[in-house]
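Everything below concerns the one structure shown next.
The values are calculated or read from the model by the stated rules, or taken from the named source; none is laboratory data. Source: prediction; values computed, not measured. So basically every Cβ, Gly included, is an ideal-geometry build from the backbone, and we count neighbours across all protein chains shown.
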Amino acid sequence: MALFEGLVMLLNPVSMMYLMLGVFLFLIFGAMPGLSGPVAYAILIPLTYTMDPVSAFALLVGGHAAVMFGGSISAILINTPGTGQNVATAFDGYPLTQQGRAGEALGASATASAIGAIIGAFFLAVMIPVLRPIVLLFGPPEVFLVTIFGLTTIAAVSKGAFLKGLAAGTLGLLLSFVGFGHVSGQERFTFGILYLWEGIDLIPMIVGLFALAEVIHLSRTGGAISRKEIPRTATGIIKGVTACFKYWFLMLRSSVLGTIIGIIPGAGGAIANVVAYGHAVSTCKNPDEFGTGRIEGVIAPEAANDAKDGGALVPTIAFGVPGSEGMAILLGAFLIQGLQPGPEMLTKHLSFLFSLVWMICIGATMGSIIGLVAARRLTLLTMVPSSLLAPLILAVALLGSYSSRGLLEDVLLTAVFGFFGYGMRKYRYPRAPLVIGLVLGHIVEKNLQLSLQLYGWRFLLRPVAMVLLVMLAAVASIPLVRKLRGREA
Amino acid sequence: MKSKGELVFGLLVLGIISLFVFLSLGYSRTARFLPLVVGIPGMIFILVHLISSLPGVASRRGELGSEKDATEKKAGKGVGQKEGEPADVEAETEVVSPAWTMFVWIGVLVVAIVLFGFLVAVPAVVFAFLKFRSKASWRYAILSAAGIAAVMYFGFVQLLEVFLYRGLILILIAGR
């Protein structure tokens, strides 16, 4: 009944108009490197002061459901993840673009995003009343082990250049330790430079490592991003959409994985994206082909990072504990609207809560439909000669890198990572492990140190931690089992 | 090791990881724990890679792997190339312009931003790049520069209220 009331609350012209506006704005914010969801939240929240709660959250939550798909557009087309939560999408999305299959990748991304978001929202709706004890089972030890799952992806994305991949992953982890230690409070690797106190930001790094390095490479080799002619029909896009249904079970598993990671406070969408990619690699029959343009490499991370939104709303709404930076800002929006997140939300505002579920479903679907309609034109961008496209990508990349924090040093750092990324590309060092290391490094350190302080090494004996350890061992043994089976065959 | 450049790059990676490990030694126990746990194996990985790809070692491995390579060549694949993977881009594509020219353009753009700020530097460098390097038409170069200036001014400055850095020269002239 409350589910139906929630839908009725949302289905009024004003709220739907705000939802559409939100979807459009968040798509742009997602696609523009440096302008991610939290930035959009920060800009749009002041506009919601005078709105009614349903319209305000239609603009914010409904719109935000489209941000991940927006981020995947630039990841697929120009190898630059629009948000930190689309990192893994570029691993196979961009190779697909280079093969002239950008439409297929965008079609798959749009469909996986919409379905992932719907699955995440479904879990939000069904599980809110029973989730409290489950969420409380996840402390620092469990978050640490979930993050280790993410780190195992480094091995998966380093196929063909294993040692180089591990070295790149090491470098990424070490770079994540720059700045003040989360637990020790000690200033590390800053060389006395004030800018480095806050650590190395993800946006300048990924923009430099991927966008700038790609611009240098393209200007060296000439031609267009796509090395093959793009079909004039929408066949590719349809192929991408149908691929999601072909790999429906992977999409479902990745969505559930994303939802669970979203529920864990502090884990974040980047982990969901990377862990789901790693899951796709480790469960695929031909893991060696990942990184060269496998459509599953787009489906799994995109389903997971969209599903994560529904999960992330659970601790935010049910306990007032924001699971991520974006959710922290959204928490502010709840308070502005006079809604106090916590158990009271489950009793007094249940219909409103279900209207949030509908907002996610409708927002993500709308975003994907807009994306599918625009995909055909967007893919044509990859046919433009790089000599004409390069300065524009360069300008947008540096501008996005600057505007994420308004620091000029970020522009310089982007250039440094651009040169380094070109070196990595040229000498076949996989760049993905570097990003995975930077994204996950500080989460690993913070949660390991907290676990050690709270429980000592006995933290590994906690029930959920032990289950996660067994799962880790199982994942780690998959390649070995495959090898043995291969020998037997 | 395919080239001197690759060796130098490998040494650069080793140097950076070693620097992190060396600096960690001076920190407190908690602060140095993970950097050392991560950094020391990382040094070993890159060292093993560098040693195993030295000409002498690589050729010995090459003799062992020559049979496999020959089979791969017969199948029309590059040595070590994965199924479905595009062949080595660097090796197979024609070089239109050396990479250092793009390094210079990026350097010029960054220096121009520092000196003149985003609103002046970005459209000016975009125009110069398109006109003089890409040999684009006047119309395309001017329209692109104007387009990017419009996006910056109306999109970032007016709509998003992002403060775009004004450049050292303007700051010196007009003050903050």
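Worth pointing out:
- Identity of the residue in the stretch A:447-462, at the interface with another protein chain (Cβ under 10 Å from one of its Cβ atoms) and touching a residue at least 60 places away in the same chain (Cβ under 8 Å), that ends up nearest to B:L50 (Cα to Cα): A:L448
- The set of residues from the stretch A:164-191 being more than 7 Å from every other protein chain (Cβ to nearest Cβ), at pLDDT 90 or above and under 22 Å from the mean Cα position of the chain (by Cα) comprises A:A168, A:G169, A:G172, A:L175, A:S176.
- Search result, residues across the stretch A:182-228 that are aromatic (F, W, Y) and either in contact with an Asp or Glu (Cβ under 9 Å, 6 or more places away or on another chain) or under 22 Å from A:Q99 (Cβ atoms) (or both): A:Y195, A:W197, A:F210
- Scanning the stretch A:412-431 for residues that are part of a helix (DSSP H, G or I) and facing another protein chain (nearest Cβ under 7 Å) gives A:L412, A:A415, A:G418, A:F419, A:Y422, A:G423, A:K426.
- Looking only at the stretch B:23-44, and only at residues there that are hydroxyl-bearing (S, T, Y) and within 7 Å of chain A (Cβ to nearest Cβ), the one that is surrounded by the fewest Cβ atoms within 10 Å (Cβ to Cβ): B:S28
- If you go through the stretch A:416-439 and keep only what is at pLDDT 85 or above, in contact with a Pro (Cβ under 9 Å, 6 or more places away or on another chain), closer than 17 Å to A:V178 by Cβ and not aromatic (F, W, Y), you end up with just A:V416.
- Some residue of the stretch A:442-453 being of a type outside the set (A, V, I, L, M, F, W, C) and on the phi > 0 side of the Ramachandran plot: no
- Any chance A:L434 is in a helix (DSSP H, G or I), over 25 Å from A:V274 (Cβ atoms) and within 12 Å of chain B (Cβ to nearest Cβ): no
- Restricting the stretch B:45-58 to residues that are facing chain A (nearest Cβ under 7 Å) and crowded, with 17+ Cβ neighbours inside 10 Å, the residue that is farthest from A:F189 (Cα to Cα): B:H49
- Here A:L413 meets each of (1) among the hydrophobic types (A, V, I, L, M, F, W, C); (2) surrounded by 22 or more Cβ atoms within 10 Å (Cβ to Cβ); (3) touching a residue at least 40 places away in the same chain (Cβ under 8 Å) with one exception, condition (2).
For (1) out of contact with any Gly (no Cβ under 6 Å at 6 or more places or on another chain); (2) at pLDDT 85 or above, each residue gets a yes or a no:
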residue	(1), (2)
A:I203	no, no
A:G208	no, yes
A:A211	yes, no
A:I216	yes, yes
A:A224	yes, no
A:R227	yes, no
A:T233	yes, no
A:I237	no, no
A:T242	yes, yes
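- Test: A:L59 is over 29 Å from A:L389 (Cα atoms), among the aliphatic types (A, V, I, L, M) and without any contact (Cβ under 8 Å) to a residue 24 or more places away in the chain: no
- Any chance A:A375 is at the interface with chain B (Cβ under 8 Å from one of its Cβ atoms) and in a helix (DSSP H, G or I): no
- Residue in the stretch A:399-411 that is over 14 Å from A:L202 (Cβ atoms) and part of a loop (DSSP other than H, G, I, E, B) present: yes
- Count - residues of the stretch A:378-398 that are farther than 20 Å from A:I28 by Cβ and assigned to a helix (DSSP H, G or I): 6
- Test: residue in the stretch B:113-128 that is within 25 Å of the chain's Cα centre (by Cα), surrounded by 15 or more Cβ atoms within 10 Å (Cβ to Cβ), within 10 Å of chain A (Cβ to nearest Cβ) and more than 23 Å from A:D410 (Cα to Cα): yes
- Residue count for the stretch A:76-98, restricted to those that are part of a helix (DSSP H, G or I) and over 11 Å from the mean Cα position of the chain (by Cα): 11
- Residue list for the stretch B:138-157, restricted to those being at the interface with another protein chain (Cβ under 10 Å from one of its Cβ atoms) and of a type in the set (S, T, Y): B:Y140, B:S144
- Qualifying residue in the stretch A:269-288 (condition: among the acidic types (D, E), at pLDDT below 85 and in contact with a Lys or Arg (Cβ under 7 Å, 6 or more places away or on another chain)): yes
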